[in-house]
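Nothing in this text is a laboratory measurement; each read-out follows from the coordinates by a stated rule. Fair warning: this is a prediction, and the values are worked out from it, not measured in the lab. Cβ atoms come from the backbone with ideal geometry, glycine included; neighbour counts cover every protein chain shown.
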Amino acid sequence: MSSYQDRGIIKWAPFDGLADFNDLYLNLKYKLNKSNKPIMSDEDLYYMDLKLKEAIHLNRQIIVTYYNQGYFNTLYGYVTKINHLKRLIYINNIPLEVLNITGIDLI
């Protein structure tokens, strides 16, 4: 009978030369990929407003690009509600701040 006992993940520990290097590397990569929020011109805001009104009146789906903590995300769906006081647009009941929206496209 063999007395060999597998050490599992412990045998790969020497290859992680610096303690927590992978965590630091991923955190640095996350921070370096962040971008600044673009400044929207009046013309861009005007065209986004037109597309938003068209989507509401014709009940069309839209693709919204928005800025969130250094990254750009996209969301698509129907406009379900607009809250003018809080400056929120609800797309599929998901609230988006108007100031963070960087692009609107009709589907």
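Table for the structure above
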item	result
For Rg/Rh (Cα atoms, Kirkwood Rh), calculated from these coordinates, the label among [x] 0.93; [y] 0.95; [z] 1.34	[z]
27 Å Cα cut-off, lysine pairs counted over the chain (separation 8 or more, or different chains)	10
Net charge of Cβ neighbours under 15 Å - reference R87; Lys, Arg +1; Asp, Glu -1	0
Dipole magnitude (debye, nearest 20) for the chain, charges at Cβ of Lys, Arg, Asp, Glu	200 debye
The chain, relative contact order in percent, only Cα pairs under 8 angstrom and at least six apart counted	23 percent
